[in-house]
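Engineer: The structure is given below, and queries will be raised subsequently.
The values are calculated or read from the model by the stated rules, or taken from the named source; none is laboratory data. Everything quoted here is computed from the prediction, not taken from an experiment. For neighbour counting, all protein chains shown are included, and Cβ atoms are generated from backbone atoms with ideal geometry for every residue, glycine included. Just the protein is used for accessible areas: all its heavy atoms, side chains included, with ligands, DNA and RNA removed. Shrake-Rupley method; radii C 1.70, N 1.55, O 1.52, S 1.80 Å.
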Amino acid sequence: MFARQRRIVVTSLMWMLLAPADAVAGPSEYLLPEDSDNVIGVLTTDFARHEDTLLDIGRRHGVGYEEIMAANPGVDPWLPGEGTEILIPARFVLPDAPREGLVVNLPEHRLYYYPPAKKGEPRVVHTYPISVGKMDWKTPLGLTRVVSKQERPNWYPPESVRLEHEQKGDPLPKVVPPGPDNPLGEHAMRLGIPGGSYLIHGTNRPAGVGMQVTHGCIRLFPEDIAELFEFVPVNTRVNLIDEPSKVGWHRGTLYVERHPLLEGAGEAGPDDLGILKQRIAVLAEGRPVDIDWDGVERAFGQTSGVPAPISVPNEKRRGVTAASSNDR
């Protein structure tokens, strides 16, 4: 039901023309933008069916819990109502990190995979919603690598996790074999982070994908980890970052994409907004645009996760540029 078609997104119009009316889920693969652009995907809408929850709709389109909730404030997550129009937040500003291997942006609850370039073919990026570590079990930040891969893995609960379950009256065995009770799902990739057992894996509880709920691991929908598992070789670089504010260009317009801080990270303050404004000013320098600073503050405060346009063409500078060009 949730198997996704893998296809390159070129434009929203092409997607609407090519996809059958009952196509399931959006693609995970996008062409990397050219030049200085770094925004991928498109915003679309879907209409809830009688039996749908917001989680069902999000999963069909490759979007996790926090993403679909933030993009649709005021909609009942469990009973959105038949015919309710739902915004699908499937447009993303690429993280400010090298486009190599896996990039995991924790506050965004999203993973990006940049496969190696193939001769004669355009570069692409794959992206998937993820769950990350909860407040007392934070997913570490920094550079690491995939050190091993396993299908149908056993789960060896760490002693700390077993103690937590015992205190709740739900003791765990030392080994949980593959099957429906295994929280790792059908695929797992181990990361080379010292001092702990950190995995990128599937799940037997897909409703939690897109939330801050794990014991430090990175959790994907079963259909997404199955796809990613085939793509990613052992020794692939993994960059774990914390970037709640992303800024990027798309066809001459500057966008801000803002996500809530991770639980336990405190509250965003004036300094965070000031740093964001500085980044925007640097990116806009020399461009024929004016920045909508009120729009920047709205995007910062709303934390909708949806890229918001924050620039408008500067007609005066455009005129100067055109006149200079005509003089040559």
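Engineer: I'm trying to understand the selection: among the residues of segment 46-56, which are out of contact with any Pro (no Cβ under 6 Å at 6 or more places or on another chain) and either among the basic types (K, R) or surrounded by 22 or more Cβ atoms within 10 Å (Cβ to Cβ) (or both)?
Structural biologist: Scanning segment 46-56 gives a single hit, R49.
Engineer: From the list E227, E263, which one is in contact with a helix residue (DSSP H, G or I) (Cβ under 9 Å, 6 or more places away or on another chain) and not aromatic (F, W, Y)?
Structural biologist: Working: E227 fails: in contact with a helix residue (DSSP H, G or I) (Cβ under 9 Å, 6 or more places away or on another chain).
Among E227, E263, only E263 is in contact with a helix residue (DSSP H, G or I) (Cβ under 9 Å, 6 or more places away or on another chain) and not aromatic (F, W, Y).
Engineer: Among all residue pairs at least 6 apart or on different chains, which show Cβ distances below 7 Å where the first residue, located in segment 119-143, is over 12 Å from Q212 (Cβ atoms) and the second is modelled with pLDDT under 95 and polar (S, T, N, Q)?
Structural biologist: So the pair list comes out as H126/S28; T127/S28; Y128/S28.
Engineer: Can I ask one more? Just one of (1) more than 22 Å from Y65 (Cα to Cα); (2) touching a strand residue (DSSP E or B) at 6+ places or on another chain (Cβ under 8 Å) trips up H165, so point out which.
Structural biologist: Every listed condition holds for H165 apart from (2).
Engineer: Report whether or not L199 is open to solvent by less than 40 Å² (accessible area, probe 1.4 Å) and within 30 Å of V289 (Cα to Cα). Full working, then the answer.
Structural biologist: Numbers: open to solvent by less than 40 Å² (accessible area, probe 1.4 Å): yes; within 30 Å of V289 (Cα to Cα): no.
Considered against the rule, which asks whether it is open to solvent by less than 40 Å² (accessible area, probe 1.4 Å) and within 30 Å of V289 (Cα to Cα), L199 comes out as no.
Engineer: Now a separate question. Just for segment 164-194: of the residues that are assigned to a helix (DSSP H, G or I) and open to solvent by 90 Å² or more (accessible area, probe 1.4 Å), which one is nearest to F231 (Cα to Cα)? Step through it out loud before you land on a result.
Structural biologist: Just the residues of segment 164-194 that are assigned to a helix (DSSP H, G or I), to begin with: 164-167.
Checking which are open to solvent by 90 Å² or more (accessible area, probe 1.4 Å) leaves us with 166-167.
Working: E166: 38, Q167: 39 Å.
Taking the candidates together, the pick is E166.
Engineer: What's the total number of residues in segment 98-138 that are hydrophobic (A, V, I, L, M, F, W, C) and surrounded by fewer than 16 Cβ atoms within 10 Å (Cβ to Cβ)?
Structural biologist: Of all residues in segment 98-138, those hydrophobic (A, V, I, L, M, F, W, C) come to 102-104, 106, 111, 117, 124-125, 130, 132, 135, 137.
After this cut, where a residue has to be surrounded by fewer than 16 Cβ atoms within 10 Å (Cβ to Cβ) as well, the list is 117, 135.
Result for segment 98-138: 2.
Engineer: Output the number of the condition that G74 fails; it satisfies all remaining conditions of (1) part of a loop (DSSP other than H, G, I, E, B); (2) open to solvent by less than 80 Å² (accessible area, probe 1.4 Å); (3) not aromatic (F, W, Y).
Structural biologist: Every listed condition holds for G74 apart from (2).
Engineer: Looking only at residues in segment 224-277 that are within 21 Å of F92 (Cα to Cα) and free of Cβ contacts under 8 Å to residues at least 40 places away in the same chain, which one is most open to solvent (accessible area, probe 1.4 Å)?
Structural biologist: Only one residue tops the list, namely I275.
Engineer: Has segment 282-293 got at least one residue that is of a type outside the set (S, T, N, Q), open to solvent by less than 50 Å² (accessible area, probe 1.4 Å), more than 18 Å from G64 (Cβ to Cβ) and part of a helix (DSSP H, G or I)?
Structural biologist: yes
Engineer: Another one. I'm trying to understand the selection: among the residues of segment 159-194, which are acidic (D, E) and closer than 28 Å to L143 by Cα?
Structural biologist: Step one: filter segment 159-194 for residues acidic (D, E), giving 159, 164, 166, 170, 181, 186.
E159, E186 - these are the residues of segment 159-194 that are acidic (D, E) and closer than 28 Å to L143 by Cα.
For (1) at pLDDT below 95; (2) more than 29 Å from G179 (Cβ to Cβ), each residue gets a yes or a no:
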| residue | (1), (2) |
| --- | --- |
| E51 | yes, no |
| V75 | no, yes |
| I86 | no, yes |
| R91 | no, yes |
| A97 | no, yes |
| P115 | no, yes |
| P129 | no, no |
| P158 | yes, no |
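Engineer: For V147, which of the numbered conditions (1) touching a Pro at 6+ places or on another chain (Cβ under 9 Å); (2) β-branched (V, I, T); (3) open to solvent by 50 Å² or more (accessible area, probe 1.4 Å); (4) within 27 Å of E243 (Cβ to Cβ) fails to hold?
Structural biologist: (1)
Engineer: Within the bounds of segment 78-97, is there any residue that is free of Cβ contacts under 8 Å to residues at least 40 places away in the same chain, loosely packed, with under 14 Cβ neighbours inside 10 Å, in contact with a Leu (Cβ under 8 Å, 6 or more places away or on another chain) and under 21 Å from A207 (Cβ atoms)?
Structural biologist: yes
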